[in-house]
Amino acid sequence: MRIKSICVKLIAIGVAILMLNTPLLHSFASESTQTNTIGVSQWAIDEVNMASLYEIGYEGMYSNLKSDITNDELVNLAVNLYIKLNDNMDSEELVFKFQNKIITDTWKKEHDPQGLSTRKDVIEVLYNILKETVPDADGKDSVNYLLEAKILRGRGNRGLDLNSHCNREELLVMAKRAYEFVLRKTNRASKGYFYKIHGGKSDVYLLGSIHMADISIYPLEEKIEDAFNKADYIAVEADVSNLEDTTKYIQQKALFYDGTTIDKVLTPETFELYKEQVEQYGFEPEVYNVLKPWYAAMLLQNLSLQQYDYEAGLGIDLYFLLKSKNKKIIEIEGVKFQIDLLDNFSPEIQEMFLLDILLSIQNNDEGQSQSTEVMQYMLEVWRQGSEEELEKLVAVEGSEYYSEFSQLFWIQRNKNMTKRIVEYLKDNNKKTYFVIVGAGHLVGNSGVVKELLDQGYTVSQ
């Protein structure tokens, strides 16, 4: 097999994944995080996608999205939404409450199952769900309450248009908004590592990212979304919107082109462990032998995590990049810098890196890998926004190779990130910056937050 065809196969496998515990962003949203948006109104695409990820609705509802919904379809979606919002309740109790308080006998008598639902019908059903799940919702005017909650919006110059039929697209969007509203009102939204930096001429918000995740970290707290919405600039470690250039540069750096093979740069013990693991994913020797150790480590880790529904497309970076259509995107480092950083590590560090990954992705007696356990814990820590627990996760101790790795990967980069953030703070134009960097770069004695405090800025979480 020629090297060019090897590259094509590698990129096809690797391009849809994102690095975890490294900042290498060499993908856009993976296909599995996107629902079929053919025929969806432009304004609804992002929200319909999120509804699909939250698994709101039921099988078949995401086709023919412009078709009007029946009362039966509305009831089916309402049941599903109510169950999702009350996953800690007994199923029999849920069914009883749903039948008696949300879809009452009176409602059923007035609504033929095959009749078409109006926007007013949808509002009534969603409001009945909110009354049972949000403490302050009962006793309010349903229309005004949903308007204030930003669940209901108008139809352009047609106003609220309450007596017109509701289509699937609108129902999914309103149900998605209701789902997020309830989670936020009941303190179940993710807090993340989110800061406001005070003392500059421009407003700067700082969010610690997790580069690979699952749907459990969404929705985010509303204050995070609000800060993003009012930002003029979004600053990220690397902008991966130019997928073609990113892929080409990975292809140049991730493979050996000089006749070297990975078995020549690894110890026999590490290579045998690598060979055993990589062949489980169907790689042939002519492919896995030309991978450099740092890329092999990242590829294996991500393939391992994808088995448990962790997705690059659900990482915080990509979540906001995909929403940044009308914002100027600033790169703090850039893809080339990040790839070069990994590629320039000494052979010893690269082998250490690969060996750590190989050991971490091996399944224990319970069929779960250490890498997966760490990922689950990391997501929970991120949801809570616990700085103390995050510091424990990123603390690196050990040999001289770990010391060299920490200096290059964490400490120096933290200083560079701080320098760029200070530049934003000094912007005389008084713009608003929304800065996203890996959460691990924010905490600890050498973290960005401590660096900013040392320079006299006030940082509030």
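Put ILE83, ILE129 in order of accessible area, highest first, and with a 1.4 Å probe you get ILE83, ILE129. Most tightly packed first, judged by the mean number of other beta-carbon atoms within 10 Å of their residues, the peptides 55-64, 227-236 read 227-236, 55-64.
Note on the chain: helix-only mean residue ellipticity at 222 nm, from DSSP H runs of 4+ residues weighted -39500 (n - 2.57) and normalised by residue number, equals -14000 deg cm²/dmol. In units of the compact-protein estimate 2.2 N^0.38 Å, the chain shows a Cα radius of gyration of 1.09.
Here the 3J(HN,Hα) profile of segment 143-151, calculated from phi with Karplus coefficients 6.51, -1.76 and 1.60 at θ = phi - 60°, is 5, 5, 5, 5, 5, 5, 7, 6, 8 Hz, Gly and Pro shown as x. What does DSSP give for the chain in terms of the percent of beta bridges that are antiparallel, rounded to the nearest 5? So the antiparallel bridges in the chain amount to around 45 percent. Note on the chain: dipole from Cβ charges, positive end direction compared against PRO293, TYR433, SER52; the farthest Cα belongs to TYR433. When you count the other C-beta atoms within 10 angstrom of each residue and take the mean per peptide, 148-157, 347-356 line up highest first as 347-356, 148-157.
The amide H of GLU311, built 1.01 Å from its N in the peptide plane, has ALA213, ASP214 as neighbours under 5 Å, considering only residues 5 or more places off or on other chains.
From the Cα gyration tensor of segment 57-190, with a ≥ b ≥ c the square roots of its eigenvalues, which class applies: rounded if a/c is under 1.5, or else prolate if a/b is larger than b/c, or else oblate? Judged from the Cα gyration tensor, segment 57-190 comes out rounded (a/c under 1.5).
THR458 contributes about 80 Å² of solvent-accessible surface, heavy atoms of the protein only, 1.4 Å probe. A 1.4 Å probe, protein heavy atoms only, puts the accessible area of HIS111 near 30 Å². Annotation: amide H-H contacts under 5 Å for GLY57 (H modelled 1.01 Å from N, sequence separation of 5 or more, or interchain): LEU81.
Decide, for segment 331-461, between rounded, prolate and oblate: order the square roots of the alpha carbon gyration tensor eigenvalues as a ≥ b ≥ c, take rounded if a/c falls under 1.5, and otherwise choose prolate if a/b is larger than b/c, else oblate. Prolate, because a/c is 1.5 or more and a/b exceeds b/c. Rounded to the nearest 20 debye, the dipole magnitude of the chain is 2040 debye, with +1 charges on Lys and Arg beta carbons, -1 on Asp and Glu beta carbons, and the Cα centre as origin. Farthest toward the positive end of the dipole of segment 113-249, out of ILE234, GLY208, SER164, is the Cα of SER164, where the dipole comes from beta carbon charges about the Cα centre.
If R0 is 41 Å, the Cβ-Cβ spacing of GLU286 and ASP309 corresponds to a FRET efficiency of close to 0.85. Peptide packing for 94-104, 314-324 was compared via the average number of neighbouring C-beta atoms within 10 Å per residue; ordered from the highest value, the list is 314-324, 94-104.
Selection among GLY313, VAL335, ILE197 by position relative to the dipole of the chain gives ILE197 as farthest towards the positive end (Cβ unit charges, Cα centre).
For a paramagnetic label modelled on ASN326 (point 7 Å from Cα along Cα→Cβ), amide N atoms under 18 Å away belong, within segment 209-235, to 225-235.
For ILE330, the residues 5 or more places off, or on other chains, whose built amide H falls under 5 Å of its own are ILE234, ALA235, VAL236.
The values are calculated or read from the model by the stated rules, or taken from the named source; none is laboratory data. In this text, all values refer to a predicted model and were calculated from it rather than measured experimentally. In this analysis, Cβ positions are derived from the backbone assuming ideal geometry, glycine residues included, and neighbour counts consider all displayed protein chains. Surface accessibility is based on the protein's heavy atoms, side chains included, excluding ligands, DNA and RNA. Shrake-Rupley method; radii C 1.70, N 1.55, O 1.52, S 1.80 Å.
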